[in-house]
Amino acid sequence: TQHTQDGHAILGLNGLPIKGMINYTIWSDVFVCPSCSKEIVFWDNGVDIERGKVLNTFSCPHCSSQLSKRDCVRVQETYYDNILKKIVTTAKQVPVYINYSVGKRRYEKKPDAFDLSLIKKINEMEIPYWVPTSELPVGYNTEQPKKSHGITNIHQFYTKRTLAYLAALFAHAKSSEQYIILTKIAMRLTKLYRLTYMNGCWGAGGGPMGGTLYISSLVKEISVLKQLKENIKDVLTIKSAAKSYSCITTQSTTSLKQIPPNCVDYIFTDPPFGSNLNYSELSFIWEAWLSVYTDNHKEAIINPVQNKALADYQRLMEQCFCEYFKVLKPGRWITVEFHNSQNSVWNSIQEALLRAGFVVCDVRTLDKKQSSFKQTTSVAAVKQDLVISAYKPKESFIRQFSERAGDPEMAWEFVRQHLQNVPIAPDSSGEIEVVSERQDYLLFDRMVAFHIMNGIPVPVDAHTFYAGLRERFIQRDGMFFLPDQVNEYDERRQKMELQDQQLSLFITDEKSAIIWLNAQLGKERQSYSEIQPKFLQDWHRNKFEQMPELLDMLKENFLQDEDGKWYVPDLSDKADLEKLRRKRLLKDFYDIYAKGTGRIKNARTEALRVGFDECWKERNYSLIVKVGDRLPETVLQEDPALLMYYDNAANRM
């Protein structure tokens, strides 16, 4: 750009204007006023440039009508595309602001006649190199730029001068390192790069919005040369840091044929997040530069365009985890980092892990400090990732388990193995944490799940299991330990107080309500009037859940003293109460759910869990499927126990 100051060109020694290096150019959408049908440049009228704000409403410069962006439509521009060799129509965007440098000093200016004529000259030129012209496929994300700006082909994501520069670089690239650098900058140089206002300056920061192909009304065209230099430096840094002992392979995790069985020491995986991100669509731009595209038949996502629902996602994830299970050494670990706001997708990941043969041992939250755009702006978005730790059982245990299928002693062998792998008492926060995996209800759930996933009848019922736990293992603070573990726990316990934490933060169904009541009444005996306000405070109503009355749950699961206060019964009474409660729940299951034929609008999930468990023991798989098909999909998909029984019963049928 010609360097001007106060409207006058600064002349060099040869008498010609000095030319500066452009750092970035701002391009603005152009809209049509619905009142007078004249063009409005959004930057000039819809932005408070001095205060750095995009206005919700603005005035038409021609007729003074008060408008919002939603009131207007974009101006469409028809021109001859000399790359496609045909007439095309796209949304009109014009350059409105140039930030440039002369030496070490920065300047800003509006594009002048020289700049506009240069852009026109470049737009009319023929690029002497190959450029990608692939048509955007039909997809969830790829429809967005088509609808907003009429972009249908890859090369239309770039200004002509950026496209020419990139094409020349790709034409001369020879090594894999050079292609890595170029594919990295190819995405940042597109019109997806949004303009932002930071630290009193337009153009500071910015970048493409993650997880989408959104094109803003204000686009920041950045310097190819600057991006190239920065990314060469990054690649050289990475190369020097990873000097040896690493192998990169490009293949589907559904078939890890090149890796021998039982050879991997540890797996960390960050799997696809259900429907959150459509990876092949979002990768299409840089894949077009390489002319190598993702085969999305095995892409593990939920995508209506690809006709992939939750069941397809779970099936593909199960295939991946089965391959992980095959290559991992026995007794070793897999860590799964996962992020999704939907319980149904979270349950699918857990069930896929269990089906593959892994045993889930620990679930924690991971605060990555820096949130994504969706995490920051969406009320329903999950703010932290979940980290699942699971292990592959030892071969000796799997062999013994297969030989003694259905033997009650194998239930205790499973618990012993599981307790060996569960953290004893993490104290990362400075206080000992309650390890839920060491509590009786979750140990029972893990034991049941392991038997069912292996197609073996569960050898002990709940009350027998709870009684056996207390006979065989050592209990501390509601958690169970092996003899060689309890000393370590006691030593830590003496040094610091056990963190007073609620075992179930929210009450969402009958099972979590009973866990919550156990925690409350385990501390002290309480009357109904004392516990009822706290119960209501922590109860998060689920419209699909038929929650029993608080008083009924107290009568079924707890005892009352002579002062009318409720308390947790001792072991012998608890076993009898469990039998009585199971009998009542089974009556509800057979009277209410097993006999009906229509859709079940709301359900008592604890009755369904007990009923499904009883049907499984009796090998009445058809009744499980029949009742499951009548449930709202949300109930089935969001309850891991019900989903486990239903899926396995469907497979048996």
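The values are calculated or read from the model by the stated rules, or taken from the named source; none is laboratory data. Every value quoted in this text rests on a predicted model; they were computed, and no experiment measured them. For neighbour counting, all protein chains shown are included, and Cβ atoms are generated from backbone atoms with ideal geometry for every residue, glycine included. SASA here: full protein model, heavy atoms, side chains in, ligands and nucleic acids out. Shrake-Rupley method; radii C 1.70, N 1.55, O 1.52, S 1.80 Å.
For the chain, the relative contact order works out to 8 percent when only alpha carbon pairs closer than 8 Å and six or more residues apart are counted.
I'd like the FRET efficiency for ALA309 and ALA405, computed as 1/(1 + (r/R0)^6) with the beta carbon distance as r and R0 of 45 Å, rounded to 0.05.
Numbers: r = 34 Å, r/R0 = 0.75.
Computed FRET efficiency for ALA309 and ALA405: 0.85.
Scan (1) 217; (2) 166; (3) 235 for the value of volume of the Cα convex hull per residue in Å³ calculated from this model and give just the label. Answer by label: (3).
May I ask you to compute the full-extension gain from ALA204 to TYR590, defined as 0.36 nm times their residue separation minus their alpha-carbon distance, rounded to one decimal in nm?
On the way: separation 386, 0.36 × 386 = 138.96 nm, distance 6.55 nm.
Using 0.36 nm per residue and subtracting the Cα-Cα distance, I get 132.4 nm.
May I ask you to list the trypsin sites (Lys or Arg not before Pro) in segment 587-624 that are in a DSSP loop and have at most 12 other Cβ atoms within 10 Å of their Cβ? Don't skip to the end; give the middle numbers.
On the way: sites: LYS587, LYS595, ARG599, LYS601, ARG604, ARG609, LYS617, ARG619; in loops: LYS595, ARG599, LYS601, ARG604, ARG619.
Hits after loop and neighbour filter: LYS595, ARG599, LYS601, ARG619.
At the residue level, THR250 shows approximately 140 square angstrom of accessible surface with a 1.4 angstrom probe and all protein chains present.
For the chain, adding -39500 (n - 2.57) for each run of n ≥ 4 DSSP H residues and dividing by the number of residues yields -12500 deg cm²/dmol at 222 nm.
Annotation for segment 151-250: trypsin sites (Lys or Arg not before Pro) lying in DSSP loop with at most 12 further Cβ atoms inside 10 Å of their Cβ are LYS174, LYS243.
What share of the DSSP beta bridges in the chain is antiparallel, in percent to the nearest 5?
Antiparallel bridges make up about 90 percent of those DSSP assigns within the chain.
For TRP286, TRP616, give the ranking by accessible area with the largest first, probe 1.4 Å. Kindly include the intermediate steps, with their values, before the conclusion.
Numbers: TRP286 90, TRP616 15 Å².
Largest accessible area first, the residues go TRP286, TRP616.
Checking Cβ-Cβ separations below 4.7 Å across the chain identifies CYS72, CYS201, CYS247, CYS263, CYS320, CYS322, CYS361, CYS615 as cysteines lacking any candidate disulfide partner.
For segment 43-86, trypsin sites (Lys or Arg not before Pro) are listed when DSSP marks them as loop and at most 15 other Cβ atoms sit within 10 Å of their Cβ; the list is ARG51, LYS85.
Counting heavy atoms of the protein chains alone, ASP44 has an accessible area of about 80 Å² for a 1.4 Å probe.
Relative to the longest principal axis of the Cα atoms of the chain, helix 113-124 runs at roughly 70 degrees. Going by alpha carbons, how many degrees (0 to 90, nearest 10) lie between the helix axis of 640-652 and the longest principal axis of the chain? With rounding to tens, the tilt is 80 degrees. Against the main long axis of the alpha-carbon atoms of the chain, helix 605-617 sits at an angle near 70°. Site-free segments of the chain were taken between GluC sites (Glu not before Pro) in DSSP loops having at most 16 other Cβ atoms within 10 Å, sites themselves excluded; the longest one is 127-430.
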